[in-house]
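As C-alpha cells, the structure follows; a few thoughts come after it.
The values are calculated or read from the model by the stated rules, or taken from the named source; none is laboratory data. Given the structure is predicted, the values throughout are model-derived calculations rather than measurements. So basically every Cβ, Gly included, is an ideal-geometry build from the backbone, and we count neighbours across all protein chains shown.
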Amino acid sequence: MTLPLTLPLRFHQTAFVVRDLDAAVRHWADDLGIGPWNVWTMRPPELHDTVYHGERVAFGLRHAMAFSGDLQIELVQPLEGPSIFTDQLETTGEGANHIGAIVDDHAAASADLIGRGFVPLQSARFGASEDGLFAYFQPPGIPTIVELIRPPTERFAPEDTYPKS
C-alpha cells in the first residue's frame, strides 16, 4: 500500500524537451496562441550545486516559459553536460518531460518523495539570489518525471521575450 504524501503537491507546470528552443517558442506562440514566452539561458554561474544522478556535474540549458490560463508551460533545450533532457532527446526524442510543483519546504518535500521510493535524477540551485531550487524525481510506477520547485526570491531578467510586446 502506498502512503499518502506528507506534503500535498499542487502541480502548476508541464514541460517539454525540444531540440531548437527558438523554433519551438515560435510554434507555440504563432500556431497555438500561447505566450508571451520569456527565455533564459542557465548554466554555471547561473546554476549552482548542479547534480545529475547523484554526481556533481555541470550542465546547461535554455528554457522558455509562458502561461496558458493558470498552466505554466516550459520548453527546455539542453546545451551541455549530461541531463535528463539530453537523455530524453537521445532515447525518445522531443516531447513531454515533466510536471512541476512549487513547494515551500524543498528539503522536506524532497525527503518525502525519496521516502516514498521516488528516485532523484537531477537538481540545482538557481536565480539571481541563488536561493531557488529545482529537483527532478522519477516516481515508482508512473512514466513521467516530477519536479519540485522553490522559486528564487530574485530572478534574472529574461534574455528575450517572444513575441515582442
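Checked against the criteria, Arg26 does not count as modelled with pLDDT under 95 and surrounded by 13 or more Cβ atoms within 10 Å (Cβ to Cβ).
Checked against (1) within 13 Å of the chain's Cα centre (by Cα); (2) over 17 Å from Leu9 (Cα atoms), His98 passes all but condition (2).
For the subset of region 69-100 comprising residues that are hydrophobic (A, V, I, L, M, F, W, C) and touching a Pro at 6+ places or on another chain (Cβ under 9 Å), which member is surrounded by the fewest Cβ atoms within 10 Å (Cβ to Cβ)?
Leu89
Of all residues in region 152-165, those being touching a strand residue (DSSP E or B) at 6+ places or on another chain (Cβ under 7 Å), assigned to a loop (DSSP other than H, G, I, E, B) and of a type in the set (Val, Ile, Thr) number 0.
Quick check: is even one residue across region 42-64 at pLDDT 95 or above, at positive phi and crowded, with 16+ Cβ neighbours inside 10 Å? The answer is no, given that none of the residues of region 42-64 is at pLDDT 95 or above, at positive phi and crowded, with 16+ Cβ neighbours inside 10 Å.
Scanning region 33-72 for residues that are among the charged types (D, E, K, R) and either free of Cβ contacts under 8 Å to residues at least 24 places away in the same chain or closer than 23 Å to Pro120 by Cα (or both) returns Arg43, Glu46, Asp49, Glu55, Arg56, Arg62.
Does region 81-94 contain at least one residue that is touching a Phe, Trp or Tyr at 6+ places or on another chain (Cβ under 7 Å), farther than 25 Å from Phe118 by Cα and not aliphatic (A, V, I, L, M)? No. Scanning region 18-61 for residues that are among the β-branched types (Val, Ile, Thr) and under 26 Å from Thr91 (Cβ atoms) returns Val18, Val25, Val39, Thr41, Thr50, Val51, Val57.
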